[in-house]
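In what follows, a single structure is set out as structure tokens and then discussed.
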Amino acid sequence: MESLLARNASVRHLVAASGLSQLGTQISLIAMPLLALGSLDASTFEVSLLGLSEFLPFVLFGLPAGAFIDQRWRRRVMLQTDLVRAALLLTIPVAHVWWHVTLAQLYLVAFAVGAMTVFFDVAAQSFVPNVVEPVDLGSAYSAYSVAESVAGTAGPSIGGLAVRALTAPFAIGLDAISYAGSALLVSRIDRLTEWRKRDPADQRDPFVEQIREGWRFVFTHPHLRPIALCIGTANLFATMLQAVFVTFLVRERGMGAIRVGLIFAVGNLGIALGALLASRIRRHLRLGQILWMFSLLAGLGQVLLAVAPRSQPLPVLIAGWFVSAFASTVYNIQQVTFRQAVTPEAIRGRMNATVRFMIWGTIPVGFLVGGFAGTHLGLHATISVAAAGAMTCFLWTLLSPVRSLIGIPLPAPTGQPRDLTR
């Protein structure tokens, strides 16, 4: 990983941009709910709608984003969406100074930022193979995960401190600055890396047919389909839990911004450990074994969140978040590298958009169900139901051809599935 970053400036800029924007996102992850709970006195359901607003664009725009990006330069899409996200988030501290922030504004900003994130994420994920050699794909995605880990560890702590010192609206302003910094880093990526490998003008099929092609490729693939369904199910229950988690910590466990940030910060160290150990784990286990074992382990981490005692819950909550973050990172590095390798360059954007539609499209449902359940069943009961559901996700990979996968192949020259079990 270190040698790849040392010799490839484009990868360094791409990873740094991802880490910086993720740092700001983690700050807003703490600041937005605390702003809604504190200054705006939002209900449990109203707080859950923040998450719904942010992730609803993945359902609405997820599939068109792939076809759109396969016809455009991915670097340019990343740059433009970073700048728009920065401008949108700046409206919150500006409104706080000149008038007042409302829940409606938070929902609109969350939705618009989410829409830009759909296009940025699909473009960035599809762009990685343009800046690295095939043998370096795993190292590149590990570097991505390390950057996210550093951001995930520092972001919640900074967010908690920023809310305390600056108030929540100005803490959200830090997220806007992070997106501006990310845009600057993206602008420094060598644009020739993409020009050498693809020509958007080659995409001449009708727009709807391109969307269908991406869907057919994923849904008829014997490995990509169960992998995506596993993550989609996991995200459904994880976001059901997330919809009420901060509210649960604040209102039922009496925690302030600092302790809430500490849980996320220390727990997210699991991302770093997962990224650092992913390649070593891959040397000792077959790919199929990793994918079902670590999806099960991620569910066990959420069970720890549900069984944390009332007295001194902090260590168990941190441990649960850590285990879930660690297992999810190991799983994601393997599955992202695998799906990029088996997908031809010409449809990589549509493949990523289709998979992200399947795995992120369940998130708005999770927030909606979580908010409703938290209001009518109770916060702890909702977390317990979500944890139980998370324990079933591994079945998609265990009871499918995925369990027989040996390793990650070289990138596919065509769109035809190949035998990867030998």
GNM result for the chain, Cα springs below 10 Å: residue of F127, F237, F58 fluctuating most strongly: F127
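Averaging sequence separations of C-alpha pairs under 8 Å and six or more residues apart, then dividing by the length of segment 1-124, give the relative contact order as a whole percent.
On the way: 85 pairs, mean separation 42.2, N = 124.
Taking the mean separation of contacting Cα pairs over the length of segment 1-124, I get 34 percent.
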Using a 1.4 angstrom probe on heavy atoms only, work out the carbon and sulfur share of the accessible area of the chain in %. 66 percent
Calculating volume of the Cα convex hull per residue in Å³ from this structure picks out, from (i) 126; (ii) 212; (iii) 198, entry (i)
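If we sort 95-108, 208-221 on the protection proxy, mean other Cβ atoms within 10 Å, highest first, what's the order? Before the final figure, lay out each step's value.
Numbers: 95-108: 14.6, 208-221: 17.6.
In descending order of packing, they fall as 208-221, 95-108.
In the chain, which whole DSSP H runs stretch at least 20 Å along their own axis (Cα) and average 0.5 or higher on the Kyte-Doolittle scale? Don't jump to the answer; show the numbers that get you there.
Details: long enough: 9-37 (42 Å, 1.17); 44-70 (39 Å, 1.34); 74-98 (36 Å, 0.62); 103-131 (41 Å, 1.44); 137-166 (41 Å, 0.74); 168-187 (29 Å, 1.34); 224-251 (40 Å, 1.45); 269-284 (23 Å, 0.71); 287-307 (31 Å, 1.80); 314-341 (40 Å, 0.83); 362-376 (21 Å, 1.09).
Both cut-offs are met by 9-37, 44-70, 74-98, 103-131, 137-166, 168-187, 224-251, 269-284, 287-307, 314-341, 362-376.
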Given a 1.4 Å probe, the accessible area of the chain per residue, as a whole number of Å², is 40 Å²
Residue-averaged [θ]222 nm for the chain, counting only DSSP H segments that reach four residues, each worth -39500 (n - 2.57): -26500 deg cm²/dmol
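Taking the highest mean first, how do the peptides 369-381, 68-80 order by number of other beta carbon atoms within 10 angstrom per residue? It would help to have the intermediate numbers written out before the result.
Numbers: 369-381: 19.1, 68-80: 21.1.
Highest-to-lowest ranking by the protection proxy: 68-80, 369-381.
The values are calculated or read from the model by the stated rules, or taken from the named source; none is laboratory data. Just so we're clear, the structure is a prediction, and the values are computed from it rather than from any experiment. FYI the Cβ positions are ideal-geometry reconstructions off the backbone, even for glycines, and counts take in every protein chain you see. Surface areas here come from the heavy atoms of the whole protein model, side chains and all, with no ligands, DNA or RNA. Shrake-Rupley method; radii C 1.70, N 1.55, O 1.52, S 1.80 Å.
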